[in-house]
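Okay, so here's the structure we're looking at.
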């Protein structure tokens, strides 16, 4: 009986030892599994994690599978490497010409050094936002309102340069800064609208004046050309009139020379013809004058008949080749006819 009892106690002790070892093994396996999970870190794409050993930065975990020492190393900061957008709240800015405007914008930045972004600045987003707002007031405050409204690209470039240089120690890259809206006060907008309208009216007036000036110049050029052509026409007409008068004078001179020759030869009929021609021309001019309608002239009929008789005698001598008694119809007989004794009854033979 005693042997059986001792055997049972030995088996019980061995079972207790085995059960304790199994429990220890289970605990050990569980601890190993926990250590493995604690020591393996999988970092997602476009992120970097910082590790700290007893509170001190040691290294940066890159995307993929990474191992750390469990319970010694821990994850410090998880930084995203993707480009991030910050909305800059609307703020009031006083320009150089003392105009109050409201300005808002956006900032685009990207972390390029995770350790600096985690440990060089306390709150990265807040720091970039305040840095941008401060430089917006600085840059826009140094510009006139007109320049500010028309030079958005210049403003963005200046802000980008200033903010990017200031943020370099933080391990970030400022990629873009854009001014979304610049809102002047309503009264200032109305004044600008009036100024723009006045400027457009001024340009329109200048264009009208230039058009009128060009038209006047063209009209003057046309009048000048017309005057030149008219003067040339008068010159040509005067030249032709002078030539005509010259030829008329030559003809008159020839006629006078012929009359002078006839007078020198003793031909009285030529003198009568010359005087009668001038007499008739003078009467014709008096009768056709525009300021005369009725002419009262005491003329002796015998003088007129005598002048006409002289013309008839000259014609007779001109057309009578053989000295015959050729007479003009209705003219009195010549002295030769009277000497021949032929009666004159006023009729032609």
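None of the figures in this text is laboratory data; all of them are computed from the coordinates on show. Computed from a predicted structure; not experimentally measured. Ideal geometry is used to build each Cβ from the backbone, glycine not excepted, and the neighbour counts take in all protein chains shown.
So here's what we get for this one:
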quantity	calculated
Length gained when the stretch residue 104-residue 234 is fully extended (0.36 nm per residue, less Cα-Cα span)	38.9 nm
Overall Cα dimensions of region 22-149, principal axis frame, Å, largest first	85, 25, 21
Computed lengthening from residue 56 to residue 119, 0.36 nm per intervening residue step minus Cα-Cα distance	21.6 nm
Relative packing of peptides 144-153, 187-196 - highest average C-beta neighbours within 10 Å first	144-153, 187-196
Binned Cα-Cα distance frequencies in region 194-265 - 5 Å width, integer %	4, 12, 9, 8, 7, 8, 6, 7, 5, 6, 5, 5, 4, 3, 3, 3, 2, 2, 1, 1, 0
Chain lengthening between residue 196 and residue 254 when straightened (0.36 nm per residue, less Cα-Cα)	12.3 nm
P(r), alpha carbons of region 57-213 - 10 Å bins starting at zero, rounded %	9, 29, 22, 16, 11, 7, 4, 2, 1, 0
Nitroxide proxy distance, nm - points 7 Å out along Cα→Cβ at residue 157 and residue 26	7.4 nm
Centroid-to-centroid separation of region 26-71 and region 180-250 [C-alpha atoms, Å]	89 Å
Where only alpha carbons of region 15-78 are counted, the Rg and the Dmax (Å)	16.5, 55
